[in-house]
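Working notes, structure below.
The values are calculated or read from the model by the stated rules, or taken from the named source; none is laboratory data. Bear in mind that the values here come from a model prediction, so they are computed numbers and not experimental data. We place every Cβ from the backbone using ideal geometry, glycine too, and count neighbours over all the protein chains shown. Side chains included, ligands, DNA and RNA excluded: accessible areas come from the protein's heavy atoms. Shrake-Rupley method; radii C 1.70, N 1.55, O 1.52, S 1.80 Å.
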Amino acid sequence: MATDRPDTSGASLRDLARVLAAAPHRMMFFAGATAVLVSMTWWALVLAAWRWGWAFPQPASPVPAGWAHAVMLVFGMLPMFFFGFLLTVFPRWLDRPALTRRAYVPVFAGCFGGYLVAHAGLLGVHVLFVAGLVLMLAGHAIAFGVLLRVLRASGRRDLHARSALAALACGLVAQALFLAFACGAPAALAPAAIEIGVIGLLLPVYFTVCHRMVPFFSANVVPGYRVVRPAGSLPLMWLLLLAHMACTLAGAARWRWLADLPLFALFAWHVAAWQPWKARRPRLLAVLHIALLWLPVAFALYAWQSLALLLDAGDVPARVPVHVLTIGYFGSMLVAMVTRVTQGHSGRPLEMGTLPWVTFIAVQGVVLLRVAAEYLRDPQAWLAIAAAAWVVAFLPWVLRSATIYLSPRIDGKPG
């Protein structure tokens with residue numbers, strides 16, 4: 001019987017590198033999994049130092065730590081996961097040959113190399129931080145170019161491919177803005193870059209992939225499942241997201257509800273139309289639908305926050321909606337989708353094992369803890385605890401996943 005952990009004790013570094021480079025998802029998921037722990041461990045230590053006055057033998061970050069935290073997640077950690085997915089599935093979506101190592105290894109080198117250099121720069125070395133941002137931007141630009149060439153070679157007008165590329169273009173603009181700030185441009189560029197990164201890059205990539213894959217995965221498992229995939233959903237999403245960003249960037253958050261209420265309705269409609277009550281089994285399918293629930297919740301909170309500003313009717317803490325979106329939707333969907341791809345592309349059964357399932361449940365607790373931290377008596381302490389809880393929740397999942405990425409497929413097939 002095949003084991004879940006093939007023996008790699010005798011493998012050389014060259015062997016491990018060859019296995020890691022056997023497929024784009026291996027390299028990029030390995031990089032992203034590493035970043036899951038590195039970024040949040042750093043952030044947990046920063047928060048703990050702020051709250052309890054711990055002294056660490058490290059200089060201050062070259063940019064405000066909160067912005068650094070956001071940038072390393074928005075442009076560092078999460079894109080490495082979806083690049084691994086897109087570089088794998090884009091050719092399949094468009095009936096093109098699989099990408100060669102020459103196409104995806106430079107993406108890995110730029111994104112992960114830049115991430116590591118930038119994180120080293122957070123120890124107070126400004127030039128390293130900027131160099132890392134440059135490398136990350138180069139990695140994103142290479143990925144954009146590779147995927148654009150695949151689309152052009154196909155001769156198709158694939159809606160999902162075009163939506164994903166539009167999001168990557170927004171990401172390039174956002175990273176350029178933050179790089180300009182890091183090089184001395186006005187500080188206002190930093191929050192603008194983060195806003196565009198979250199709403200213009202991450203969210204449309206995530207929802208575009210869900211729009212294509214969630215009905216597909218559900219139909220493959222659930223007898224009689226009705227596939228719902230309206231062609232107008234993605235253009236409407238883009239129109240509303242652009243309006244959301246415009247209100248935020250123009251300092252008109254009180255009017256953002258005009259976009260956020262329709263976005264809530266759009267996402268809630270899709271959650272219902274994809275029939276989650278039919279997808280309670282198996283767990284590998286159920287987690288996709290559970291993760292989706294956080295998306296309309298996030299935009300209900302965004303709308304509530306905007307209306308409260310308009311009506312002067314109290315306040316929703318500024319960071320609550322964005323953390324419901326990032327931890328709840330992005331974090332939960334990360335575990336759900338990456339586990340699925342990892343299982344299937346390593347020759348393992350398509351099932352949500354106990355360890356990934358426990359991690360997924362723990363992430364639900366982390367998002368609730370992060371939201372509650374804004375309302376508890378000692379919010380700074382609870383923010384540090386929530387960041388540490390993320391690390392604890394993900395550590396076993398990361399270790400298991402990394403072992404798989406560094407091991408050949410258990411069924412002997414290539415990839």
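Values computed for the structure shown
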read-out	value
Helices (runs of 4 or more DSSP H) contained entirely in the range 305-415, each with at least 3 residues that are in contact (Cβ under 8 Å) with a residue 40 or more places away in the chain and not β-branched (Val, Ile, Thr)	332-344, 354-373, 379-405
Within the range 107-116, considering residues that are surrounded by fewer than 22 Cβ atoms within 10 Å (Cβ to Cβ) and hydrophobic (A, V, I, L, M, F, W, C), the one farthest from Val146 (Cα to Cα)	Leu116
Exclusive hit being surrounded by fewer than 15 Cβ atoms within 10 Å (Cβ to Cβ), β-branched (Val, Ile, Thr) and modelled with pLDDT of 95 or more, set Val363, Val358	Val358
Members of the range 248-278 found to be crowded, with 19+ Cβ neighbours inside 10 Å and polar (S, T, N, Q), listed by number	Thr248
Leu122 open to solvent by less than 10 Å² (accessible area, probe 1.4 Å), over 22 Å from Ala393 (Cα atoms) and at pLDDT below 95	yes
Hits in the range 66-106 (condition: surrounded by fewer than 19 Cβ atoms within 10 Å (Cβ to Cβ), under 21 Å from Gln175 (Cβ atoms) and in contact (Cβ under 8 Å) with a residue 40 or more places away in the chain)	Trp67, Val105
Ser39 open to solvent by 20 Å² or more (accessible area, probe 1.4 Å), touching a residue at least 24 places away in the same chain (Cβ under 8 Å) and either assigned to a helix (DSSP H, G or I) or over 30 Å from Ser154 (Cα atoms) (or both)	no
Among the residues listed as Gly347, Gly314, Gly412, the single one being open to solvent by 30 Å² or more (accessible area, probe 1.4 Å), farther than 26 Å from Val38 by Cβ and in contact with a Gly (Cβ under 8 Å, 6 or more places away or on another chain)	Gly412
